[in-house]
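Have a look at the structure below, then the notes.
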Amino acid sequence: MIFNIYGRFQLDVRRENDGWVVYHPAPGKRARVNEIVIPSTMEAEEIGIYLDDIYHELAGPGQRVERV
């Protein structure tokens, strides 16, 4: 799942080995983001809200985390 973080950057969140893994997508490659840990028990529908909680200080008026 790709998430647009307030129009500033994107994150690719994937389910791997019964856990969530976060990547910075780039053309032809991706880099793992080890600083973000998403609980393995979290449902896919909740991840956008979770990322919004983490990055809310980057948001401008009316901006939000959106699934692409």
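Read the figures in this text as sums done on the coordinates, not as results from a lab. Since this is a predicted model, take the numbers as computed values, not measurements. Positions of Cβ are generated from backbone atoms using ideal geometry, with glycine treated the same way; all protein chains shown enter the neighbour counts.
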Can you tell me how many residues within the range 1-19 are of a type in the set (A, V, I, L, M, F, W, C) and not in a strand (DSSP E or B)? 1
May I ask you to list the residues in the range 1-30 that are small (G, A, S) and exposed (fewer than 11 other Cβ atoms within 10 Å of the Cβ)? A26, G28
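Rundown of residues vs (1) in contact with a helix residue (DSSP H, G or I) (Cβ under 9 Å, 6 or more places away or on another chain); (2) assigned to a strand (DSSP E or B), yes/no style:
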residue: V21; (1), (2): no, yes
residue: P25; (1), (2): no, yes
residue: R30; (1), (2): no, yes
residue: I47; (1), (2): no, no
residue: D52; (1), (2): no, no
residue: G60; (1), (2): no, no
residue: E66; (1), (2): yes, yes
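Looking at the range 1-41, which of its residues are closer than 26 Å to G62 by Cβ and of a type in the set (A, V, I, L, M)?
Our first condition is that a residue be closer than 26 Å to G62 by Cβ; within the range 1-41, this holds for 1-13, 22, 24-25, 33, 36, 38.
Those that are closer than 26 Å to G62 by Cβ and of a type in the set (A, V, I, L, M): M1, I2, I5, L11, V13, V22, V33, I36, I38.
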Filtered residue count, the range 33-45, keeping only those that are loosely packed, with under 11 Cβ neighbours inside 10 Å and part of a helix (DSSP H, G or I): 1
